[in-house]
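The values are calculated or read from the model by the stated rules, or taken from the named source; none is laboratory data. Small disclaimer: the values here were computed from a predicted structure and weren't measured. Here Cβ is always computed from backbone atoms with ideal geometry, including for glycine, and neighbour counts include all displayed protein chains.
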Amino acid sequence: MRRLNIIFLGFGRMGQAAYASLNEITHSLRQEGIDPSLLAVLEADQTLLRELPARTGAKPVFVDTSAPKPLPLDRLLGCELGLGAGDEFLVYDATPSSWHRDNLVSICGAYPRALYFGEKPLFTDRAGLSALERFGSRVLCDFVDSESAAVRKLIAMVQGGFRIRRLGFWRLNSAGLHKLASPLHRAGVEGGALLDKGIHDFALAAILMQQQAIPPAGWRVEAAADLAFMPRPAESLVPDADGRTDAAGYARIRWLASGGVDSEFHYSWIGVDRFDDLSIRLGHPSLRQLLATCGLQENAWLCRELSPRSSYSSYSPEAQEARIAIVDGDDLHGENGTAHRTRLIINLLTRPGIHPFVFDPVRREFLELPETGSTPLSRVLAFAVRSYVNRQPLSLAPLGAAVIHQAHQACFDIRDHARLNQGLGPEPGDLRAPVDQSQGIVQA
Ligand SMILES: NC(=O)c1ccc[n+]([C@@H]2O[C@H](COP(=O)([O-])OP(=O)(O)OC[C@H]3O[C@@H](n4cnc5c(N)ncnc54)[C@H](O)[C@@H]3O)[C@@H](O)[C@H]2O)c1
């Protein structure tokens with residue numbers, strides 16, 4: 001039995017979900033001769049830390065994030081756990097994104113045999129890309145999306161002969177409305193809707209395109225209305241006459257790839273209703289209408305939640321979230337052996353009452369999804385453990401650093417371009433690489 005020590009960084013929502021996943025996969029890994037063992041959990045919250053031994057049996061380690069000079073992570077691991085440069089262990093990072101780059105560099109720099117596994121590793125400036133370039137072969141990153149049932153179905157279809165011609169993504173929620181209502185408490189998300197939400201779909205497009213061996217080409221920002229790229233709080237803008245500020249972002253982006261495949265991304269933080277209004281005003285179709293024409297009513301794909309902040313009624317009291325992909329393609333195994341054009345509607349959102357699906361609008365039916373019996377997070381965690389123990393090359397795996405690098409690079413190019421167009425100048429402190437105009441990045 002090969003024992004693998006695992007260390008969790010952060011035990012909030014995702015850290016706890018990962019702990020449940022670890023318990024879920026332990027039995028099957030042991031049957032394969034791998035014994036995953038949670039050695040320690042590092043946490044910044046002292047209350048949470050006190051509960052940890054009873055809940056996990058792992059050693060709790062306090063990370064003093066309020067210290068003027070917090071102890072670097074590698075030194076903390078050395079002092080508290082006695083780890084040395086020759087040790088092998090897997091780190092699962094579920095801290096807020098502002099810590100990801102430092103954690104990655106600290107682990108990979110000091111422990112050349114360790115694996116850094118990121119929970120949606122998110123970098124808000126280009127320095128994160130340099131870290132990935134330097135340590136990419138020991139970094140496994142994931143947005144979990146590639147393991148959702150609907151995406152697995154789509155990947156299986158592509159592998160079975162379905163040819164993607166066009167991808168359209170809509171990722172909409174109303175987080176921006178709350179930030180608008182309470183601008184001084186805009187915490188948590190860094191990098192705006194583009195980095196927090198858009199990046200999931202950029203990564204997914206890259207994963208799907210790689211299934212067809214089509215290298216992505218250039219970006220085209222067709223509309224980035226009203227500062228979809230939320231600047232930092234200090235640069236926050238006063239709401240305009242419509243009550244929209246930087247948080248009320250809306251963007252429409254196209255990714256032009258060779259081989260006749262285009263991807264189009266729409267994302268916003270203004271909820272589905274307001275997004276639809278704005279889309280129509282800008283001459284684009286309403287997502288709700290588009291799906292209704294295909295025979296899909298919104299109770300299947302639109303998550304609505306009454307917000308506790310309903311006093312901000314002028315900014316819509318409801319939290320709304322939708323995550324839809326529309327995939328146009330050729331089914332190469334159509335009737336009579338001929339290829340025929342087809343369209344699929346994918347729901348990528350999983351919320352109570354809202355389930356992922358792949359819908360065929362011509363046949364008006366939901367396709368059968370692969371039986372998984374486990375959560376996407378369990379599958380990616382098991383993948384990380386197996387890859388590491390079996391010493392498989394990581395950089396090109398679907399969850400390897402290549403996809404995350406590509407998705408971040410696209411985000412930074414788009415953000416820089418949009419900031420310049422909005423007269424905001426480059427992102428402060430960013431090591432900005434010049435945008436390659438030959439890639440045809442334009443803003444309408
Ligand atoms: N893949 C996904 O779909 C998905 C979904 C939600 C969140 N996330 C990502 O997961 C990460 C964590 O999100 P969450 O919702 O669990 O947040 P959370 O706030 O619930 O948990 C974060 C925890 O990290 C602790 N912490 C903060 N700084 C720390 C440090 N330096 N070292 C150790 N612990 C520290 C906090 O005390 C907190 O308990 C974020 O980066 C988020 O973007 C990904």
Of the conditions (1) more than 13 Å from the chain's Cα centre (by Cα); (2) at pLDDT below 90, the single one that ARG152 does not satisfy is (2)
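Conditions (1) in contact (Cβ under 8 Å) with a residue 12 or more places away in the chain; (2) outside the structural domain of CYS141 (by TED's automatic domain parsing); (3) more than 9 Å from the ligand (Cβ to nearest atom), marked per residue:
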position: LYS59; (1), (2), (3): yes, no, yes
position: LEU73; (1), (2), (3): yes, no, no
position: CYS79; (1), (2), (3): no, no, yes
position: THR95; (1), (2), (3): yes, no, no
position: TYR116; (1), (2), (3): yes, no, yes
Note on ARG343: of the conditions (1) under 22 Å from the mean Cα position of the chain (by Cα); (2) modelled with pLDDT of 90 or more, unmet is (1)
Quick check, is THR65 in contact with a Leu (Cβ under 7 Å, 6 or more places away or on another chain) and within 12 Å of the ligand (Cβ to nearest atom)? no
Of the residues in region 5-28, those that are out of contact with any helix residue (DSSP H, G or I) (no Cβ under 6 Å at 6 or more places or on another chain) and farther than 20 Å from LYS120 by Cα come to ASN5, ASN23, THR26, HIS27, SER28
In region 1-46, residues that are of a type in the set (Lys, Arg), more than 11 Å from the ligand (Cβ to nearest atom) and outside any strand (DSSP E or B) total 1
Only unsatisfied item for SER378, checking (1) within 22 Å of the chain's Cα centre (by Cα); (2) more than 16 Å from the ligand (Cβ to nearest atom), is (2)
Any residue that is at pLDDT 90 or above and over 24 Å from CYS141 (Cα atoms) - is there at least one of those in region 368-384? yes
Those helices (runs of 4 or more DSSP H) completely within region 62-160 that have 1 or more residues that are more than 27 Å from ARG391 (Cβ to Cβ) are 73-81, 127-135, 149-159
